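Chemist: Have a look at this one before I ask anything.
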Amino acid sequence: MKIAVIGAGAIGGLVGARLALAGEEVTFIVRGANLEAIRARGIRLVETDGTEHVATHVKATNDYDEAGAQDVVVLAMKAHQVADVAPRIGQLFGPQTVVVTMQNGIPFWYFHRHGGAFEGRAVTSVDADGEQARRIPPARVIGCVVYPAAELVAPGVIRHIEGNRFPLGELDGSSSERIAQVAACFEHAGFKSPVLDDIRAEIWLKLWGNLSFNPISALAHSTLVDICQHPLARNLAANMMREAEAVAHKLGITFRVSLERRIAGAEKVGKHKTSMLQDVEAGRGPEIDALVGSVIELGRLTDTSTPHIDSAYALVKLLEQSMAEARGGVRLQAAVAA
């Protein structure tokens with residue numbers, strides 16, 4: 001299959017490298033140092049056991065017209081970056097092209113092909129003017145939830161940390177020929193890609209932890225195990241998760257694990273810095289609205305109170321503003337003895 005991967009960061013690089021090594025025709029749509037590195041040397045993947053593989057027969061470009069029509073487009077950047085590529089993504093579309101969305105949080109397409117009272121409604125916190133849904137027609141979209149962890153260690157070099165699961169789902173819950181083909185392609189590349197009949201429930205399950213642990217970790221500069229083992233922080237996370245669960249239930253979502261089990265799972269991950277904390281330390285714009293703001297929006301939509309989530313959102317948005325004004329990140333440093 002002809003597959004374009006937009007973004008060659010940790011997850012895009014992992015997915016694109018594995019697909020290319022499995023024999024698919026992969027084109028990375030990238031910029032800067034990643035573009036030059038992949039053009040010159042291909043993309044290198046360091047697996048969890050330390051073995052290294054280099055996919056040399058890949059293309060890399062920042063020109064969508066040059067890439068041309070694809071069978072599959074993998075949208076592999078953070079949710080707040082999708083708006084930047086949406087105006088050009090149509091240049092990759094042929095008659096049957098599908099778009100696999102790999103963003104965390106509530107996606108722009110959440111209410112499209114959803115049915116019910118909110119059918120077709122835009123989630124304004126992630127797609128303020130509906131432009132993403134116009135540029136990336138939901139009829140082309142296959143939803144995906146990203147569970148693996150990976151790291152971009154250098155331009156064109158990806159280290160796979162753990163996990164292989166990328167569940168997929170049609171937005172209307174159907175079982176189609178196209179999703180079966182995409183799932184088979186991912187499975188052939190070494191991923192676990194079950195086709196789910198309710199991809200939104202899986203999105204909420206991952207978001208359940210992200211919406212609480214990410215902002216708390218960014219504000220407190222703490223890892224997952226630190227949060228879970230600190231009584232006050234653990235209680236705050238649980239209260240945020242209870243509010244989110246109430247919102248989800250009003251939208252017809254049932255969680256397949258308990259709240260305590262979800263927290264326990266985060267605790268087992270150990271001294272892991274969330275993606276939001278990593279962004280804050282690196283001075284990058286943190287992914288706030290898709291993970292937190294969207295839940296507040298859906299709370300208002302369903303007349304559900306979210307006071308703990310509101311407070312965390314206000315604080316992390318203020319942190320984002322302070323970082324932007326200072327043009328820098330925030331990191332704990334060892335104190336210098338007097």
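Chemist: Look at segment 176-222 and say how many of its residues are surrounded by 18 or more Cβ atoms within 10 Å (Cβ to Cβ) and not hydrophobic (A, V, I, L, M, F, W, C).
Modeler: Summing the residues that are surrounded by 18 or more Cβ atoms within 10 Å (Cβ to Cβ) and not hydrophobic (A, V, I, L, M, F, W, C) in segment 176-222 gives 10.
Chemist: Would you confirm, using the coordinates I've provided, whether Gly120 is modelled with pLDDT under 95 and more than 26 Å from Arg31 (Cα to Cα)?
Modeler: Yes.
Chemist: Restricting attention to segment 312-338, which residues are surrounded by 11 or more Cβ atoms within 10 Å (Cβ to Cβ) and in contact (Cβ under 8 Å) with a residue 40 or more places away in the chain?
Modeler: Within segment 312-338, Ala312, Tyr313, Leu315, Val316, Leu319, Met323, Gly328, Gly329, Val330, Arg331 meet the criteria.
Chemist: Please verify whether Val247 is within 23 Å of Ile288 (Cβ to Cβ) and under 21 Å from the mean Cα position of the chain (by Cα), treating the condition exactly as stated.
Modeler: For Val247, the condition - within 23 Å of Ile288 (Cβ to Cβ) and under 21 Å from the mean Cα position of the chain (by Cα) - is met.
Chemist: Please note which helices (runs of 4 or more DSSP H) are completely contained in segment 272-338 and include at least 1 residues that are within 19 Å of Ala248 (Cβ to Cβ), of a type in the set (Ser, Thr, Tyr) and out of contact with any helix residue (DSSP H, G or I) (no Cβ under 7 Å at 6 or more places or on another chain).
Modeler: Qualifying helices (runs of 4 or more DSSP H): 294-301.
Chemist: For segment 269-303, name all the residues that are of a type in the set (S, T, N, Q), out of contact with any Lys or Arg (no Cβ under 8 Å at 6 or more places or on another chain) and more than 13 Å from Phe213 (Cβ to Cβ).
Modeler: Hit for segment 269-303 is Ser294, nothing else.
Chemist: Take segment 259-309 and flag every residue that is without any contact (Cβ under 8 Å) to a residue 12 or more places away in the chain and within 19 Å of Ala220 (Cβ to Cβ).
Modeler: Gln278
Chemist: Let me ask another. Taking Ala76, is it in contact with a strand residue (DSSP E or B) (Cβ under 6 Å, 6 or more places away or on another chain), closer than 13 Å to Ile89 by Cα, assigned by TED's automatic domain parsing to the domain that holds Ala150 and surrounded by fewer than 20 Cβ atoms within 10 Å (Cβ to Cβ)?
Modeler: Answer is no for this residue.
Chemist: Please pick out the residue among Glu281, Glu260, Glu245 that is in contact with a Leu (Cβ under 8 Å, 6 or more places away or on another chain) and surrounded by fewer than 23 Cβ atoms within 10 Å (Cβ to Cβ).
Modeler: Step by step, each of Glu281, Glu260, Glu245 is checked, and only Glu245 is in contact with a Leu (Cβ under 8 Å, 6 or more places away or on another chain) and surrounded by fewer than 23 Cβ atoms within 10 Å (Cβ to Cβ).
Chemist: Which is within 25 Å of Phe111 (Cα to Cα) and outside the structural domain of Pro148 (by TED's automatic domain parsing), of Ala237, Ala264, Ala282, Ala290?
Modeler: Ala290
Chemist: Another question, if that's okay. When you check Ala238 against the structure, is it over 30 Å from Arg331 (Cα atoms) and either at pLDDT 95 or above or not aromatic (Phe, Trp, Tyr) (or both), yes or no?
Modeler: In short, no.
Chemist: I'm checking my understanding of the structure. Among residues of segment 187-204 that are touching a residue at least 60 places away in the same chain (Cβ under 8 Å) and on the phi < 0 side of the Ramachandran plot, which one is nearest to the chain's Cα centre (by Cα)?
Modeler: The residue in question is Ile203.
Chemist: Would it be correct to say that Arg135 is at pLDDT 95 or above and under 20 Å from the mean Cα position of the chain (by Cα)?
Modeler: yes
Chemist: Moving on to the next point. Within segment 44-73, which residues are more than 23 Å from the chain's Cα centre (by Cα) and of a type in the set (Ser, Thr, Tyr)?
Modeler: Thr51, Thr56
The values are calculated or read from the model by the stated rules, or taken from the named source; none is laboratory data. Given the structure is predicted, the values throughout are model-derived calculations rather than measurements. Cβ atoms come from the backbone with ideal geometry, glycine included; neighbour counts cover every protein chain shown.
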